[in-house]
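Heads up, the thing below is written out as structure tokens.
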Amino acid sequence: MSKNALITGASRGIGRAIAIEFARAGYDLTLCCIKNIESLERLAKDLEDAYKVKCAAYQADVSDPHAVKELFSKIEPPTVLINNAGISYVGLITDMSDDDWQKTIDTNLSSVFYMCRAAIPHMLSEFSGKIINVSSVWGESGASMEVAYSASKGGLDAFTKALAKELAPSGISVNAVACGLIDTDMNSRLSDEELAEVVSDIPADRIGKPAEVASVILSLAESTNYLTGQIIKVDGGWR
Ligand code: NAD
């Protein structure tokens, strides 16, 4: 069977690193992002040239169920689905608007439901498939000023464990990688002092690299389906 991965939020950060890692491993790729389609198309072309894989780029808002349906009407069904797209919201809960709450939950959690619902029928027919969700350590421990984000990732962890049970009899594995602090634009708001304070709590004494998360995700994709329902922390030993 051909190796074919769909990666959401692949225009930058962790998603981009996952795309590079999977292309290097010989996967054909479907990449999507919400805004930076030019940069995603450039990445797709570079990966095709460098690794001789097929790589298609799409602009799609995964928080919108209609956009997800439309995306799946255009693509080869994936054998590996990586739900990576996500947004953060930092602020007091009392300052958060209904729209900001909804957008955080829709982007980080409902999107994963829409993507899985669309991808699972083909995986069932093949009696195989891998679903890997990109979560956060805040999903388990919770973060002050990131209540909606923490709730969305906690929901994603529960979604992962429940869906793993539902799909294990069908040969499909579902896991999540819960990242600690990783060096991407998502953290660009942190000042040098704030960053140093966070790092002082990390046993590895540094923040993580997107490529390190990507290599863990590739190992999960290549691993036995008996490894399922796990939330694997990539956090430098923070918890
Ligand atoms: P990033 O902001 O650099 O990239 C986010 C990507 O998601 C972009 O490609 C963007 O286009 C895409 N995206 C956002 N909303 C989307 C939507 N509605 N539809 C389609 N694509 C959308 O972020 P990152 O740091 O690379 O984060 C990737 C994932 O890792 C997220 O789920 C994030 O919650 C998780 N994570 C990151 C960290 C960290 O420290 N960077 C820590 C824990 C978890």
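The values are calculated or read from the model by the stated rules, or taken from the named source; none is laboratory data. Since this is a predicted model, take the numbers as computed values, not measurements. Counting neighbours? That spans all protein chains shown, and the Cβs are built from the backbone with ideal geometry, glycine included.
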- Task: Sort out which residues of segment 210-239 are touching a helix residue (DSSP H, G or I) at 6+ places or on another chain (Cβ under 7 Å) and among the hydroxyl-bearing types (Ser, Thr, Tyr), and write them in order of number.
- Result: SER215, THR228
- Message: With the requirement that a residue be within 19 Å of CYS116 (Cα to Cα) and in contact with a helix residue (DSSP H, G or I) (Cβ under 6 Å, 6 or more places away or on another chain), what does segment 30-56 give you?
- Response: LEU31, CYS33
- Query: VAL62 passes all but one of (1) closer than 17 Å to CYS116 by Cα; (2) within 12 Å of the chain's Cα centre (by Cα); (3) outside any loop (DSSP other than H, G, I, E, B); which number fails?
  - Reply: (3)
- Message: One residue is enough: does segment 212-226 have a residue meeting the conditions more than 30 Å from ASP98 (Cα to Cα), in contact with a strand residue (DSSP E or B) (Cβ under 7 Å, 6 or more places away or on another chain), more than 15 Å from the ligand (Cβ to nearest atom) and in a loop (DSSP other than H, G, I, E, B)?
- Response: yes
- Limited to segment 110-136, what total is found for residues that are in a helix (DSSP H, G or I), without any contact (Cβ under 8 Å) to a residue 60 or more places away in the chain and surrounded by fewer than 24 Cβ atoms within 10 Å (Cβ to Cβ)? 12
- Message: Just to be sure before I move on: is GLU194 modelled with pLDDT under 95 and outside any strand (DSSP E or B) in the structure I sent?
- Response: yes
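Every residue, every condition in (1) within 30 Å of MET145 (Cβ to Cβ); (2) surrounded by fewer than 21 Cβ atoms within 10 Å (Cβ to Cβ), yes or no:
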position	(1), (2)
GLY9	yes, no
ARG16	yes, no
ALA25	no, yes
TYR51	no, yes
ALA57	no, no
ASP61	yes, yes
- Query: Which of the residues belonging to segment 1-16 are more than 8 Å from the ligand (Cβ to nearest atom) and at pLDDT 95 or above?
  - Reply: ASN4, ALA5, LEU6, ILE7
- Of all residues in segment 77-101 being within 19 Å of the chain's Cα centre (by Cα) and surrounded by fewer than 21 Cβ atoms within 10 Å (Cβ to Cβ), which is farthest from MET115 (Cα to Cα)? TYR89
